Amino acid sequence: MQIQASAKAAGMSVSEYMRSVSLNYAPESHFDREVVLTLVRGYGDLRKMTEQLNQRLSERPDDRVWSEQVGRLLDELTQATRSAGQAAGAAGDAFDALRRARG
C-alpha cells in the first residue's frame, strides 16, 4: 500500500515508480497546478454568487416567501463558499510548500 500511495503522489504508475526507485531516483510528489487554480477560481465564483444573492435578497425585503427561500439558499451557498475557501487555502499552501521544497 505504501508503494502505491508513493507512486500516486509522484504521479506515476507503480511499475514506473519501482523502476525509478531501483535506479536511485527519488521521484518528487506530483501536484497539479491546474487543479489548484480551478479550485481557487471556483471559490471566487461561489463568493461572487453569494454576494449577488445577498444583494438580491436586500432588494425585496417585503416578499416574505421569496426572502425565506433565498435565505435558505444563501445559507447553503455561504457554507459551500466557506468549505471551498478552506480547501482552496489548503491546496494553495500545499502548492507553495512543494514549490519551496523544489527550490
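Projecting the Cα atoms of Phe95, Leu74, Ser58 onto the dipole axis of the stretch 32-102, where Lys and Arg carry +1 and Asp and Glu carry -1 at the beta carbon, places Phe95 farthest toward the positive end. What the phi angles of the stretch 73-90 give under the Karplus curve with 6.51, -1.76 and 1.60, with θ = phi - 60°, is a coupling list of 4, 5, 4, 5, 5, 5, 5, 5, 5, 4, 4, 5, x, 5, 5, 5, x, 5 Hz, glycine and proline written as x. Here the relative contact order of the stretch 32-102, from alpha carbon pairs under 8 Å that lie six or more residues apart, stands at 49 percent.
Quick note: the coordinates plus some simple rules give every number you see, no bench work behind them. No experiment lies behind these values; they were computed from the predicted model shown. Every residue, glycine among them, receives a Cβ derived from its backbone with ideal geometry; neighbour counts consider all protein chains shown.
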